[in-house]
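Below is one structure, written out as structure tokens; the observations come after it.
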Amino acid sequence: MIREQPIDAEFELLVRCCGVARGIPVWGPIAQSSLPVGFDEARFVDMAIQHKTAATAYAGLKMLGLRLEPEHASRLRRIAMKARLDRELIVREAGAIAEAAVRSGIEVAVLKGPASSKELYGDAYAREYIDLDILVNLPEIAPAIPFMAALGYAPEDYSPPAGDGIGENSLVQRGHHVVFWKASSPSRVEMHDRAGWERERYGRDSIAAVFARAVRLEESGYGFPAPCLADHAAIIIAHGTQHAWCLLHWVLDAAALCTRSAEPAESRAAAEIVQSLGMERLAALAYLVAAKLYDIGPPPAYAASAVFLRGVRRSAEFAFRRLLAGGRDSAQLRNIIGLQSAYAFPLLKTPREKAGSIFGLLKIPPKDIEAVPLPRPLFFVHLLLRPWFVMSRRWRRWKLARGIGNA
């Protein structure tokens, strides 16, 4: 694969630093004596933070033999060190939650975060993450609340299903996790139940089968169960696709999947799961975006397939533009329209899937219903109020960011 599009010097170096640090084949040198003339170090650090790769970039700079000016090096180092300490706390919490769940007779598995870091890079701290995702083998979160409370965690804005049918209304969005906070922890826990799992792209797989294939991971004396790498591949691909691969943080994982899949058994297992879930186009998209940045080939299980890359190049171009912007353009009307027409539609196979994608944009967030309670026959009125709700939320975020009032 040959890189098709040039990228600016700061992002190119960020890509190369992260690739070297994560053991992913890079375009260009793996050692460098000086920065290019006119290189903007402040912009480089800003990019590393925006793409959630500050610690990886810092490690990669040292491996390349490069030094930033003290002001910028110090800023990057501080962020990297704090992020490392946060990840150590998250790994500890993952172990504690797993043990508490076992004592309560509840099956759990750690998703993404430390689990995918361990499986992809052999180190639960190598990959950046700021929260902990836990899958519980329960139809609803409520039975997990007691053991989470014993660990000091409280759910945010949670109430058990009221049985009023609102959650089952086709016009209402349904959340896919419940957030837990702990006073002594800087990171949140997102807990997913079976219903939340089934609403994800990879949720067509049997959750019982995922738990049956789960593995136990160990790091720094803490242990926790997680989906096997083949299952995690589907989760990583679906999650990156959902966010249009707009951050290097996720593209690195896609590239790592391609290099890890050189193992025949792992490659076959991942390919079988991806194919069984109808995610071939999503897998092709992940490869195309990653291959624009790294010197990788398609996973062996797909390389001989004539249809592997068909129909997703347009989506890959859209995703790459968003990646270069670091996802900062997500609120622009042009991007919102393009996300459906240029990105999502080519990934969907049937008219029914495409219609469902459009309908999903119209669904009502539960918070809107709480803000303006209406009888069920009048739920459609929330669609007319959507612009007001959106502008209201943006106004509150703007005030919070500037410390205006208590918002």
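Taken together, the values in this text are just the output of simple stated rules run on the coordinates, not laboratory data. The shown structure was predicted, so the numbers you read here are calculated from the model rather than taken from an experiment. Quick reminder, even Gly has a Cβ in these numbers, built from the backbone with ideal geometry, and neighbours come from all protein chains shown.
Some observations on this one:
- Residue 106/residue 37 FRET efficiency (R0 60 Å; Cβ-Cβ; nearest 0.05): 0.55
- Kirkwood estimate for the range 7-79, i.e. one over the average of 1/r between Cα atoms, Å: 11.9
- Computed on the range 61-143, with alpha-carbon pairs under 8 angstrom and 6+ residues apart, the relative contact order is 27 percent.
- Length added when fully stretched, residue 77-residue 212, from 0.36 nm per residue minus Cα-Cα: 44.5 nm
- Separation of the range 1-77 from the range 219-255 is 22 Å, based on Cα centroids.
- Amide H contacts of residue 215 (H built 1.01 Å from N, under 5 Å, at least 5 apart or other chain): 226, 228
- Magnitude of the charge dipole for the range 91-164, about its Cα centre and with charges confined to Cβ atoms of Lys, Arg (+1) and Asp, Glu (-1), is about 300 debye.
- Cross-link reach list, aspartates and glutamates versus residue 292, counting only Cα pairs under 15 Å and skipping chain neighbours closer than eight places: 4, 8, 12, 253, 317
- Rule-of-thumb Rg ratio for the range 61-100 [Cα; 2.2 N^0.38 Å; N residues]: 1.70
- Cα-based reach from residue 82 at 13 Å (exclusive), listing aspartates and glutamates while leaving out same-chain residues under 8 positions away: 128
- Placing pseudo-labels 7 Å out from each Cα toward the beta carbon at residue 142 and residue 275 gives an inter-label distance of 4.3 nm.
- Gained length - residue 154 relative to residue 49, 0.36 nm times residue gap less alpha-carbon distance: 34.9 nm
- Pair residue 342, residue 295: separation of 7 Å Cα→Cβ label points (nm): 3.1
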